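J.: Input: one structure, supplied below.
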Amino acid sequence: LPYKSFLVTLYTGSRWGAGTKADVFLQLIGQNGTSDVHCLRHPQVPSFRRGSTDRFLLTSREDLGDICAFRVWHSNRGPSPGWFLSRAKVENTSTRKTWLFMCRKWLSLDKGDGLLERTFFVTNPNDPLPRKDYFLIRLSSHLREIILLLYKMHHQQNTLLTD
């Protein structure tokens, strides 16, 4: 049987202490079933840093159907293991169907409500996005574009000076 694959994008918050070095685990919950538990880790690149966007390709043996929710938790290991998950996106790579999640919660023993495990439910696309969320998402996107532009300008300037 072919595996079903999902591209999961997790957005770590940009507030102070939002990143974690703990092992993060995720399980997708669909209308037709639940995926295996996946440990989310890039072999070469640090994940879940403050303000970061991390993408993972997850597979499932069964067709989960429409994604309803996901369960996420972490090992609570390492210095300052608390993690602030801002939002998430799940995309079925075959159908290109996408589900969005506005999370905005700490997974931390000493921040927020002290929970290390959470279940987030898909955001209703017909509900208007609160103005604050819209502003923060746009700001994050614009800042990322500005940083890339500054990096390119700096790199071009250094290339011109060394040529």
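The values are calculated or read from the model by the stated rules, or taken from the named source; none is laboratory data. Please read all numbers here as calculations on a predicted model, not as lab measurements. All Cβ positions, even for glycine, are placed from backbone atoms using ideal geometry, and neighbour counts span all protein chains on display.
J.: Determine which single condition Val37 fails, assuming it passes every other condition in (1) surrounded by 14 or more Cβ atoms within 10 Å (Cβ to Cβ); (2) within 17 Å of the chain's Cα centre (by Cα).
T.: Failed condition: (1).
J.: If we scan the range 19-26, do we find a residue that is surrounded by fewer than 20 Cβ atoms within 10 Å (Cβ to Cβ) and among the small types (Gly, Ala, Ser)?
T.: no
J.: Consider Pro125 carefully, then state whether it is within 23 Å of Val8 (Cβ to Cβ) and at pLDDT below 95.
T.: Details: within 23 Å of Val8 (Cβ to Cβ): yes; at pLDDT below 95: yes.
Against the criterion (within 23 Å of Val8 (Cβ to Cβ) and at pLDDT below 95), Pro125 qualifies.
J.: If I go through the range 21-44 residue by residue, how many of them are within 19 Å of Gly82 (Cα to Cα) and β-branched (Val, Ile, Thr)?
T.: The number of residues fulfilling the criteria is 1.
J.: Restricting attention to the range 95-111, does a residue exist that is farther than 18 Å from Gln27 by Cα and surrounded by 20 or more Cβ atoms within 10 Å (Cβ to Cβ)?
T.: yes
J.: Considering only the range 48-92, state which residues are outside any strand (DSSP E or B) and closer than 12 Å to Leu26 by Cβ. First the steps, then the outcome.
T.: Start the filter on the range 48-92 by keeping residues that are outside any strand (DSSP E or B), which leaves 48-52, 61-66, 75-82.
The answer is Phe48, and nothing else.
J.: Go through (1) closer than 23 Å to Gly112 by Cβ; (2) surrounded by fewer than 14 Cβ atoms within 10 Å (Cβ to Cβ) and name the single condition His42 misses.
T.: (1)
J.: I would also like to ask the following. Tally up the residues in the range 39-60 that are in contact (Cβ under 8 Å) with a residue 24 or more places away in the chain and either under 19 Å from Pro2 (Cβ atoms) or not β-branched (Val, Ile, Thr) (or both), please. First the steps, then the outcome.
T.: Taking the range 39-60 and keeping what is in contact (Cβ under 8 Å) with a residue 24 or more places away in the chain, we get 40, 46, 48-60.
Okay, now just the ones that are also either under 19 Å from Pro2 (Cβ atoms) or not β-branched (Val, Ile, Thr) (or both), so 40, 46, 48-52, 54-60.
Residues flagged as in contact (Cβ under 8 Å) with a residue 24 or more places away in the chain and either under 19 Å from Pro2 (Cβ atoms) or not β-branched (Val, Ile, Thr) (or both) within the range 39-60 amount to 14.
J.: While we're looking at this one, here's another question. Restricting attention to the range 74-94, which residues are of a type in the set (Val, Ile, Thr) and surrounded by 20 or more Cβ atoms within 10 Å (Cβ to Cβ)? First the steps, then the outcome.
T.: To start, the set of residues in the range 74-94 that are of a type in the set (Val, Ile, Thr) comprises 90, 93.
Result: Val90, single match.
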